[in-house]
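All of the numbers you see were taken from the coordinates with simple rules; none came from a lab. Please read all numbers here as calculations on a predicted model, not as lab measurements. Backbone-built Cβ (ideal geometry, glycine too); neighbour counts: all protein chains shown.
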Amino acid sequence: MKQLIILAVLVVVGYFAYQHFFIAPQQNDTAEEDSSIDSGSFSINQLPPIPVNCEGQAKNLENAFYGNISGRVSFAQRNFADRKLRSCLQNDGFSDPQINGTVAEIKERVKGYWLQDSGG
């Protein structure tokens with residue numbers, strides 16, 4: 001009976017961990033891409049260059065996206081790098097569509113790197 005209770009608790013904890021680390025980030029990613037495309041900031045308007053003080057966070061996010069695609073970086077680490085860059089850009093006066101467009105641009109660039117490296 002004691003083992004059954006422990007098993008039930010582990011199942012519940014696993015379920016919430018799965019929702020937090022795997023389901024929610026994927027839903028946020030599609031919402032961010034949709035909002036950046038809908039706002040027209042992704043391909044129509046030129047995005048401002050990334051400020052010098054945010055270049056480190058941008059490189060970290062690029063590495064996190066690439067590592068996440070290749071399975072070496074968790075969603076939590078990728079989301080942490082994403083939040084750090086967004087915070088830095090917001091502090092430098094970027095609007096939400098500009099931030100979303102910049103992140104989407106980094107993501108597309110990383111997908112291109114991944115396709116080149118994987119031979120596709």
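Would you please give the FRET efficiency between Lys111 and Val9, computed as 1/(1 + (r/R0)^6) with r the Cβ-Cβ distance and R0 = 35 Å, to the nearest 0.05?
Working: r = 39 Å, r/R0 = 1.12.
For Lys111 and Val9, the calculated efficiency is 0.35.
Which of the lysines could a cross-linker bridge to Lys59, judged by Cα under 20 Å and excluding same-chain residues fewer than eight apart?
Within reach: Lys84, Lys107, Lys111.
Place +1 on the Cβ of every Lys and Arg and -1 on the Cβ of every Asp and Glu in region 61-120, take the dipole about the Cα centre, and give the residue among Gly101, Tyr66, Gly112 whose Cα lies farthest towards its positive end.
Of the options given, the answer is Tyr66.
Report the full-extension gain for the segment Ser74 to Ser95: residue separation times 0.36 nm, less the Cα-Cα distance, to one decimal in nm.
Separation in residues times 0.36 nm, less the Cα-Cα distance, equals 4.8 nm.
Put a dot 7 Å past each Cα toward the Cβ at Phe16 and Val52; how far apart are the dots in nm?
4.6 nm
Once phi is turned into θ = phi - 60°, what whole-Hz ³J(HN,Hα) does the Karplus curve with 6.51, -1.76 and 1.60 give for every residue of region 83-89, x standing for Gly and Pro?
Listing the rounded values in order: 5, 4, 5, 4, 5, 5, 5 Hz.
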